[in-house]
1. Compute, for the chain, the length of the dipole vector about the Cα centre, with Cβ point charges of +1 (Lys, Arg) and -1 (Asp, Glu) only. Units Debye, rounded to 20.
2. If the cut-off is a Cα-Cα distance under 13 Å, which aspartates and glutamates reach residue 145, setting aside same-chain residues fewer than 8 apart in sequence?
3. Could you check the spin-label model distance between residue 62 and residue 14? Points 7 Å from the Cα along Cα→Cβ, value in nm.
4. If you line up the long axis of helix 85-95 against the longest principal axis of the chain, both from Cα atoms, how many degrees apart are they, to the nearest 10?
5. Choose one of 26, 138, 119: the residue whose Cα lies farthest towards the positive end of the charge dipole of region 17-177 (beta-carbon charges +1 Lys, Arg; -1 Asp, Glu; about the Cα centre).
6. Calculate log10 I(q)/I(0) of the chain for q = 0.09, 0.14, 0.16 Å⁻¹, where I(q) comes from the Debye formula with a single equal point scatterer on each Cα and nothing for solvent.
7. List the lysines whose Cα lies under 28 Å from the Cα of residue 94, skipping any in the same chain that are fewer than 8 positions away.
8. Just 29, 78, 136 to compare: in a GNM of the chain, with alpha carbon springs under 10 Å, which one fluctuates most?
Amino acid sequence: MHNSLARNIILDIDSYKNDHGNMLPANTEYIFSTIVPRRGNRYTNIVKSMGPQYVIREYLSQRVEPWMLDEAEQELREQGFTFERERWEYILAKYDGYLPLEIRAVPEGMFIPVGVATVTLVNTDPKCAWLPTYIETMFQRVCWKMTTVASLSADLYRYLDDMVEKHCGVRGKVNFHL
């Protein structure tokens, strides 16, 4: 029995990603995937990286459990996709449900030029080459929101600090006013 409100990481994807593993060339052992901000906003071409630690802690530190396979199989079949149950059973058996991934990220809060990778993902088991791109959607969705809010907030802070300096002749007083 499971908590009906528990997150099922197998289903926390764009459903079509489930079939992508079948499209890999034969003998593909490793996939290196990146998350790259593609554009800034109209005021800047830098972003403030946020979110990877949250994704790792709240999503990827969770073990895949047998009930998740059952739920995912039913849901994906109802959507017309084939569920590759053996892949997930392998992860359950070999890794106790933890995903065999290596994740690297720039430090959170760091300003990064648009077009530079903020996160990289690679599978650590050659039998799981399908995994990095499978979870990439979830990773992007969560990090995009957090990076967007952090970047816009930083831009607003800089703008307000510039205006305080322009009108009052001092910098660094924005925190007091906010």
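1. The calculation lands at about 980 debye.
2. none
3. 2.1
4. The helix 85-95 is inclined about 70 degrees to the chain.
5. It is 119, whose Cα lies furthest towards the positive end.
6. After summing over all Cα pairs, the log10 values are -0.42, -0.81, -0.98.
7. 17, 127
8. 78
Any read-out appearing in this document is the output of simple, stated calculations on the displayed coordinates, not a laboratory observation. Note that the structure is a prediction, hence the values are computed from the model and not measured. As a convention, Cβ positions derive from the backbone with ideal geometry for all residues, glycine included, and neighbour counts pool all protein chains shown.
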